[in-house]
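In what follows, a structure is listed as structure tokens, so that the remarks can point back to it.
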Amino acid sequence: MSGNVAIIGSGLIGRAWAMIFARAGWTVRLYDPAPGVAQAAVGLCAEGLGSLAGEGLCNDPLGAAKQISAAGSLAEALADADIAQENGPESLEVKLALFAEMDALAPAKTILASSSSAIRASLFTEELKGRARCLVAHPVNPPHLIPLVELSPAPWTSPEVVTRARQIYNGIGQVPIAVLKEVEGFILNRLQGALLAEAFRLVSEGYVTPQDLDKTVKDGLGLRWSFMGPFATIELNAPGGIPDYCARYTGFYKRLAADPAAPSVYEAPATEKILAQWQAESDLPSRMKWRDQRLAALRAHKQSQSEE
Ligand SMILES: NC(=O)c1ccc[n+]([C@@H]2O[C@H](COP(=O)([O-])OP(=O)(O)OC[C@H]3O[C@@H](n4cnc5c(N)ncnc54)[C@H](O)[C@@H]3O)[C@@H](O)[C@H]2O)c1
């Protein structure tokens, strides 16, 4: 399945979506109100597709790059779009104005999806005539290497739109999940938040160094998590599966849950204690490049394996 996608906002996330859709054979129109940004994004996407090909994650980078063009206006980008992926700034005012414009301009068939990290769809679509076709489709950075997309509809989003969105994201090689009820942080960042708060607490209270805490994830929990989630993990950690695991271990987990990390773990003096032990990276851009290369290799490995 392929079609036409309008990429609204051509920054970091917009460009990643453009590469993902183009790689899957879609026709991509990029729009950005900042002068020259959409045009520059076309070239940046072509470069990015070349790098993905080098990692074994794009079969035809030149063909994919040809699928991407810059639109001169929002209306031009949206004309005949099957889906619009909005990637403007993370501000409620911007999303409100932009979705009102997109709803007025887009053909009736167009799904209007926002990449918003934390603004729920119900906050910026309620008054729209076409509110039934709107939802959040939250990617994870960098989306061309991490395939998860959290689909979070508003209460008035049509189930048919959610089904169609799921088919589209599956079809372009992403992994959509459904957020069944709107909740702050969706699913991924709530899980990340639980782990991060405990990590801040354990280091700031002197139980472990930040370096050894990171090893606990990258050389411990994270090895399993790259191919199985926490439910699949605990099912295999007790002979009788999940009921047996709950019977054996929930006494301990209940005691932990009764004493969660406080919001103050994210403030001084807790943060000062952590930073005093952390050797800051001197060259963040090259470290990000290193991260993306490692992620690309891991993604290529996962694609070469049968997941189930
Ligand atoms: N960066 C991340 O890690 C990440 C991850 C997941 C989701 N997101 C979400 O994706 C969205 C975009 O984030 P980003 O990191 O690409 O930001 P960015 O700053 O790289 O890009 C934003 C782009 O939006 C453009 N823009 C400004 N006003 C606009 C308007 N009215 N209409 C359309 N475009 C407009 C800007 O010119 C810019 O090119 C945000 O909602 C963000 O929360 C970001």
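Here segment 4-20 is the region considered, the condition is being more than 10 Å from the ligand (Cβ to nearest atom) and assigned to a strand (DSSP E or B), and the residue that is farthest from H138 (Cα to Cα) is N4.
Considering only segment 142-164, how many residues are of a type in the set (G, A, S) and either surrounded by fewer than 17 Cβ atoms within 10 Å (Cβ to Cβ) or under 23 Å from L57 (Cβ atoms) (or both)? Here the count works out to 1.
Inspection of segment 245-254 identifies no residue that is surrounded by 12 or more Cβ atoms within 10 Å (Cβ to Cβ), modelled with pLDDT of 95 or more and in contact with a Phe, Trp or Tyr (Cβ under 8 Å, 6 or more places away or on another chain).
Scan segment 197-233 for residues that are closer than 30 Å to A268 by Cα and either part of a helix (DSSP H, G or I) or out of contact with any helix residue (DSSP H, G or I) (no Cβ under 9 Å at 6 or more places or on another chain) (or both) and report the count. Number satisfying all stated conditions: 21.
Taking first residues from segment 129-157 that are acidic (D, E) and partners that are in a strand (DSSP E or B), the Cβ contacts under 6 Å between residues at least 6 apart in sequence or on separate chains come to E150/H138; E150/I177. Residue count for segment 70-93 satisfying the condition of being of a type in the set (A, V, I, L, M, F, W, C) and within 11 Å of the ligand (Cβ to nearest atom): 4. If only residues of segment 21-44 that are more than 13 Å from the ligand (Cβ to nearest atom), within 21 Å of the chain's Cα centre (by Cα) and part of a helix (DSSP H, G or I) are counted, the one that is farthest from G88 (Cα to Cα) is R23.
Looking at A75, A81, can you tell me which residue is in contact with a helix residue (DSSP H, G or I) (Cβ under 6 Å, 6 or more places away or on another chain), under 18 Å from V5 (Cβ atoms) and modelled with pLDDT of 95 or more?
Values: A81 fails: in contact with a helix residue (DSSP H, G or I) (Cβ under 6 Å, 6 or more places away or on another chain).
After ruling out the rest, the residue left standing is A75.
When A6, A22, A84, A65 are screened for being buried (at least 18 other Cβ atoms within 10 Å of the Cβ) and farther than 23 Å from R164 by Cβ, only A65 passes.
Within segment 39-57, the residues that satisfy the criterion of being closer than 13 Å to W17 by Cα and in contact (Cβ under 8 Å) with a residue 24 or more places away in the chain are A41, V42, L44, C45, G48, L49.
The values are calculated or read from the model by the stated rules, or taken from the named source; none is laboratory data. Keep in mind that this is a model prediction, so the values were computed, not measured. Note: ideal-geometry Cβ built from the backbone for every residue, glycine included; neighbour counts use all protein chains shown.
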